[in-house]
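The values are calculated or read from the model by the stated rules, or taken from the named source; none is laboratory data. All values derive from a computational prediction rather than experimental measurement. Every residue, glycine as well, gets a Cβ built from its backbone with ideal geometry; the counts of neighbours run over all protein chains shown.
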Amino acid sequence: MIFNEKAECMDVSSLADVQSERLKRTVKTVWEQSPFYRGKLNGMGVSCGDIRSIEDIVKLPFTVKDDLREHYPFDLFARPLRDIRELHVTSGTTGNPIVVGYSQEDIDLWSEVIARSLCCAGALPGDMIQVAYGYGLFTGGLGLHYGSLKLGLTVIPCSSGQTKRQLRILQDFKPRVLACTPSYALYMAEVARETGFPAQELGWKIGIFGAEPWSEAMRKEIEQQWGMSAIDIYGLSEIIGPGVACECHCKKGLHIAADVFYPEVIDPKTLKQVPASCPGELVLTPLTKTGMPLIRYRTRDIVNIDYTPCACGRTSPRISKILGRTDDMIIVRGINVFPSQIEEVLLAVEGTEPHYQLVVERGKGGLDTLEVLVELKESFFSDEIKYLQNFEQRISREIESVLGIGVKVRLVEPKTIERSEGKAKRIIDKRSL
Amino acid sequence: MKITQLSVFLENKKGRLYEAAQVLGDAGIDIKALTIAESEEFGVLRIVVDKPDTALDALKEKGFVASITDIVAAEVSDRPGGLAAILKVLSDNQINLEYMYAFVEKTADNAIVVFRFDDPDQAITMLKENGIRVLGKKEIQGL
């Protein structure tokens, strides 16, 4: 089922018209309501009249995360505070957190795009959904909640954690749909295994996973463990939260709600748009938001966009799975390393669990070392040291062939790498740069 | 005549060997022989105990990775050249030895050494043919 056929299956030229109209209105709004943007536009010598169609978006300034930090808490709101219905906060590792404000129209928009996403994933009105994203300041829980209500699902607002209770609810209520982070889905599978829970038999049929990057290999693992179809949903609090884009059953990219979130892909160095289907940093402009409109927000997520129509009937462009993050990426000896690359390797090597941690250190003499901690699967333990060492070497060779730099693999005991009920902590960077 | 060795994976971190020993102690396990093989990053504790199944369960219960291996225990005359004599038998017969270590206990005037072979059955036959006494599980428990 397509939730909003008019919006999701619009022909290309009508979509451009809608985007152009909405962009003009948004620029006018920020010009009138936001001293921050009026200042930026003035600084670039751009006025509202210069923006006549969606192509003119390249004349507009970018917005970055630090802009939001610097205007903490409410200075980027374009509405009086009394018209803001909900606030969400994302923690930053440095400096101020980021606050996002939703007007009633924004909450309605959020519900709409999540309802579209749920349908995209295969949920139908009348289905029951277990929302195991955290509820609270994090946008995952409430976002999925609002969208589920909009679509007409029965919501179980479990939030994350209390895994045994999650499984009990699954067993007793039999919800068809699960929403949580992909690492939590794997964690729950592990608990299910330990407690003898028949995961494949009683598992959810559809899983909607987001809030952290995950690989195709991880999808296979989740689908096999739970006997479900695992769907990737994308979003970020600054734009609205989850629901910016979501895969359909074809799993050939995530349909982006381009009538309300205009996507561009840029080269993070030159800041110019890259040719179609080339990877680059995703830049998003919400076209209808009123509480905290943003212009050309740099997501730091690396994707590419496919503008060809999808077999599911939707014409909305599709972004790839997140190929990496410009800020999660670690640079080791000049090489860009994404945790997802290591994960792909581990899932392909028999005898390892997809639980790993990367430790980067600056050695004596200034050379960076990358150590990969890998949990040993019990069935692969041997009394012979040389067997275990060969096993370590095999993994490091596989990783080296993917990354192109030497790594040190260290086998650790099962369940010693910290599990997360939210986002997994994959990188420990001990370099003081 | 094979006996059972317990192997335990130990991450190279403070107190991990102590924790393993504590688990065995709490389970009332008597350690008859032990050795530790180590790499830079981890070790493998290899032990012969009186109740291997109980010990294995206790360790797994506490989250250790452990497994069981068949090994051969043989008597070695406790005098200079005693070990060389037994190794000569193995060497002359092209029997591949992975590793070996000695027991804490003795039988009368003989030391006991345990061997890990690729093919323990073949090794046992060869040792016996050469007049070397191989010890069974019961004898080990009774030490």
Conditions (1) out of contact with any Asp or Glu (no Cβ under 8 Å at 6 or more places or on another chain); (2) within 12 Å of chain A (Cβ to nearest Cβ); (3) over 17 Å from residue B:134 (Cβ atoms); (4) not hydroxyl-bearing (Ser, Thr, Tyr); number of the one not met by residue B:71: (3)
Right, residue A:254: modelled with pLDDT of 95 or more, among the aliphatic types (A, V, I, L, M) and in the same structural domain as residue A:40 (by TED's automatic domain parsing) or not? yes
With criteria (1) surrounded by 18 or more Cβ atoms within 10 Å (Cβ to Cβ); (2) out of contact with any Asp or Glu (no Cβ under 8 Å at 6 or more places or on another chain); (3) among the hydrophobic types (A, V, I, L, M, F, W, C), residue A:331 comes up short on (1)
Here are A:351, A:365: which of them is at positive phi, within 13 Å of chain B (Cβ to nearest Cβ) and surrounded by fewer than 19 Cβ atoms within 10 Å (Cβ to Cβ)? A:351
Of all the strands (runs of 3 or more DSSP E) wholly in the range A:292-383, which have at least 3 residues that are in contact (Cβ under 8 Å) with a residue 40 or more places away in the chain and under 30 Å from residue A:239 (Cβ atoms)? A:297-303, A:352-362
Which of the residues that make up the range B:10-36 are crowded, with 19+ Cβ neighbours inside 10 Å and either small (Gly, Ala, Ser) or not in a strand (DSSP E or B) (or both)? B:20, B:23, B:24, B:29, B:33
The range B:85-103 - residue that is of a type in the set (Gly, Ala, Ser) and within 15 Å of residue B:127 (Cβ to Cβ) and, of those, nearest to the other protein chains (Cβ to nearest Cβ): B:91
For the range A:254-276, does any single residue satisfy the condition of being touching a helix residue (DSSP H, G or I) at 6+ places or on another chain (Cβ under 7 Å), in a helix (DSSP H, G or I), closer than 30 Å to residue A:347 by Cβ and not hydrophobic (A, V, I, L, M, F, W, C)? no
Restricting to the range A:129-144, name every residue that is touching a helix residue (DSSP H, G or I) at 6+ places or on another chain (Cβ under 7 Å) and not aliphatic (A, V, I, L, M). A:130, A:133, A:134, A:135, A:143
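Conditions tested, residue by residue: (1) away from chain A (no Cβ under 14 Å); (2) among the charged types (D, E, K, R); (3) crowded, with 20+ Cβ neighbours inside 10 Å; (4) in contact with a strand residue (DSSP E or B) (Cβ under 6 Å, 6 or more places away or on another chain).
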{"site": "B:38", "(1), (2), (3), (4)": "no, yes, no, no"}
{"site": "B:44", "(1), (2), (3), (4)": "no, no, yes, yes"}
{"site": "B:59", "(1), (2), (3), (4)": "no, no, yes, yes"}
{"site": "B:62", "(1), (2), (3), (4)": "no, yes, no, no"}
{"site": "B:75", "(1), (2), (3), (4)": "yes, yes, yes, yes"}
Is it the case, given these coordinates, that residue B:79 is assigned to a loop (DSSP other than H, G, I, E, B) and among the basic types (Lys, Arg)? yes
Considering only residues that are of a type in the set (Gly, Ala, Ser) and more than 14 Å from chain B (Cβ to nearest Cβ), look in the range A:386-408 and name the one that is farthest from residue A:344 (Cα to Cα). A:406
If I filter the range B:104-135 down to residues being part of a loop (DSSP other than H, G, I, E, B) and under 22 Å from residue A:384 (Cβ atoms), which single residue comes out as nearest to the other protein chains (Cβ to nearest Cβ)? B:118
